[in-house]
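The structure appears below as structure tokens.
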Amino acid sequence: MNLPHDPFRVARWRVNDTHFALREEIHAAIDRVLFGTMKTGYEVREAFEAAFAETMQQRHCVAVHSGTIGLFIALRACGIGSGDEVITVANSDISTTAAIRHCGAIPILCDVRASDYTLDPDLIEPLITPRTRAILPVDLHGHPANVAHLRTIADRHGLRIVEDAALAAGARDFGKPLGAFADVTVYSFAPLKPLGSVGNGAALVTQDADIHEQLRLLTYYGHAPGAPQSGHQHYIAEGYNTPLDPLQAALLSVKLPHLEAWTHKRRTLVQQYEGGLANTSAVLPGFRAESEPTFRAYTIQVPRRQAVYQALRDAGIEVVLHYAPATYRHPVYPSGLPGSQALRVTDRLADELVCLPVSPEFTHVEVEYVIDVLCRLLEEDDL
Ligand SMILES: Cc1ncc(COP(=O)(O)O)c(C=O)c1O
């Protein structure tokens, strides 16, 4: 069977190859949901939640529709509300700041580290005020933010940590899957994420039983767990209706056991990029010794970024600019956001970063092609 592929010679999305390789297991898992009872679908979702929690070495997991709604529910479950301040970054998807504002809270922007593009813990304390309630670090591109360091700061000031690991399933830090130092961690299963569904999805993981109860309440209408004897509904909160679709849970259950191997493959491809680009004018990311990223992409800094970006795409390489411009510069925030005047590194990175494609389906030949084209471009002066 010939599978359709994007027109790019090196496309970001080749997951249909993986799905094809796993098709018998996937069909069986989906058939079970389609031809089971309604309860079967719920059981499949619950089994996925249990398996995901175990993989991430967490006690609890609630699977939801998307990372965007997941961030909002996670913040609400941590008690974030009107007028509270949440310290976060501006180099992220709009979901990060939007989730904070949907709670009625105020995002306070903090700059990032130039080496791995994640929240700089050394800049946090001056931003803390009596209204600060939480820190929201982002593991951008699959690079672990230093949440262990943030935890010591958060504990000193009585703050919650909601970790945005939307792009980072498979990454580890200090020998543990991401989330070990946060109150709640949000993983996305949008199609291009390291563990992707074919629609939308996300998981919220936590060690805390009270937070878990709140996550469940908000995800399931605010309905109290356990039906009262009368058989009536019993709402104890105004919740939402946002659990993960059982069909996506079935697909993700088949894929989850492969996450470690795919993460390893991503790292091998990145080693090849590192070797091939070492003596060029590109600036490559650097990581703390404890940090074991997964690479949703290989994101590097290049001179004359816009010209390099266009030339790579013209050569059939599906590079993207994530995330540029910084969120506070978008029209949705006409007056910017608090803290946006002091984001020197964030602003520079937004002008210089380009995300090279990384996907476990790639062969080394594809990465070699990207390296060859990029090396030639970086040697040209008149791009
Ligand atoms: C850093 C980050 N956070 C949150 C999200 C939102 O996740 P979702 O697409 O599942 O809503 C994304 C999506 O790309 C993201 O990149």
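Accessible area per residue was computed with a 1.4 Å probe on protein heavy atoms; HIS234 scores about 90 Å². Over all directions, average the projected area of the Cα convex hull of the stretch 15-257 and note it in nm². Directional mean of the projected Cα hull area for the stretch 15-257 stands at 13.7 nm².
With a 1.4 Å probe and all protein chains left in place, how much of the accessible area of the stretch 23-156 comes from carbon and sulfur atoms, in whole percent?
Using a 1.4 Å probe with all protein chains present, the stretch 23-156 comes out at 53 percent carbon and sulfur.
Net charge of the neighbourhood of SER291, taken over other residues with C-beta under 9 Å away and scored Lys/Arg +1, Asp/Glu -1, is -2. Obtain the radius of gyration and the Kirkwood radius of the stretch 291-383 from its C-alpha atoms and give Rg over Rh. Looking at the stretch 291-383, the ratio lands at 1.04. Note that the stretch 166-245 shows a convex hull volume over its alpha carbon atoms of 103 Å³ per residue. Computed over the stretch 124-178, the alpha-carbon pair-distance distribution with 5 angstrom bins reads 4, 20, 29, 21, 14, 9, 2, 0, each value a whole percent. Amide H to amide H, with H built 1.01 Å from N, ARG160 comes under 5 Å of ALA134, ILE135, counting only residues 5 or more places away or on other chains.
Which value, in Å², gives the accessible area per residue of the stretch 15-257 when a 1.4 Å probe is used on the protein heavy atoms? Don't skip to the end; give the middle numbers.
On the way: 9610 Å² over 243 residues.
Each residue of the stretch 15-257 exposes 40 Å² on average to a 1.4 Å probe.
Projection of the Cα convex hull of the stretch 274-342, averaged over all directions and equal to a quarter of that hull's surface, yields 7.3 nm². A simple rule links phi to the HN-Hα coupling: the Karplus curve 6.51 cos²θ - 1.76 cosθ + 1.60 with θ = phi - 60°, which for the stretch 134-143 gives 7, 10, 10, x, 10, 8, 5, 6, x, 8 Hz, with x for Gly and Pro. Working note: 222 nm ellipticity from helices only, DSSP H runs with n ≥ 4, each -39,500 (n - 2.57), summed and divided by the residues of the chain, gives -11500 deg cm²/dmol to the nearest 500.
May I ask you to give the solvent-accessible area per residue for the stretch 258-379, in square angstrom, as obtained with a 1.4 angstrom probe?
Computed with neighbouring chains in place, this is 44 Å² per residue.
Look at where the Cα atoms of the stretch 33-76 and of the stretch 352-372 average out, and the two centres are 32 Å apart. About its Cα centre, the dipole of the stretch 265-312 is roughly 180 debye, where the only charges are +1 on Lys and Arg Cβ and -1 on Asp and Glu Cβ. In this structure, the amide hydrogen of HIS234, modeled 1.01 Å from its nitrogen in the peptide plane, lies closer than 5 angstrom to those of ALA224, counting only residues at least 5 positions away or on a different chain. Of the heavy-atom accessible surface of the stretch 258-379 (probe 1.4 angstrom), what whole percent is carbon and sulfur? Result for the stretch 258-379: 52 percent of the exposed heavy-atom area is carbon or sulfur.
Coupling constants for the stretch 15-20 follow from the phi torsions by the Karplus curve (6.51 cos²θ - 1.76 cosθ + 1.60, θ = phi - 60°), and in residue order they are 5, 5, 4, 5, 4, 5 Hz; glycine and proline get x. Projecting the Cα atoms of VAL15, ALA63, PHE174 onto the charge dipole of the chain, computed from C-beta unit charges around the Cα centre, puts ALA63 farthest toward the positive end. Remark: the stretch 165-170, residue by residue, has Karplus-estimated 3J(HN,Hα) of 9, 3, 9, 10, 4, x Hz, where x stands for each Gly or Pro and the curve is 6.51 cos²θ - 1.76 cosθ + 1.60 at θ = phi - 60°.
P(r) for the stretch 1-131, from all Cα pairs and a bin width of 10 Å, is 10, 22, 28, 24, 13, 2, 0 %, short bins first.
Highest GNM mean-square fluctuation among PRO334, PRO121, PRO107, for the chain modelled with Cα contacts below 10 Å: PRO334. By the combined test of axial Cα extent (at least 20 Å) and Kyte-Doolittle hydropathy (mean at least -0.5), the qualifying DSSP H helices of the chain come to 38-55, 364-379.
Set the Cα radius of gyration of the stretch 87-172 against 2.2 N^0.38 Å, with N its number of residues, and you get 1.00. For LYS265, the lysines whose Cα comes closer than 26 Å to its Cα, not counting residues fewer than 8 places off in the same chain, are LYS176, LYS193, LYS255. Heavy-atom accessible surface of ILE106, to the nearest 10 Å², is about 50 Å², with a 1.4 Å probe and all protein chains retained.
Using amide H atoms built 1.01 Å from N in the peptide plane, name the residues 5+ places from THR294, or on other chains, whose amide H lies under 5 Å from its own. The list, which skips near neighbours in sequence, is ALA171, ARG172.
The values are calculated or read from the model by the stated rules, or taken from the named source; none is laboratory data. What you see is a predicted model, and the numbers here were worked out from it, not measured in a lab. Here the Cβ is made from the backbone with ideal geometry for all residues, glycine too, and neighbour counts use every protein chain on show. Heads up: the accessible areas ignore ligands, DNA and RNA and are worked out on the full protein's heavy atoms, side chains in. Shrake-Rupley method; radii C 1.70, N 1.55, O 1.52, S 1.80 Å.
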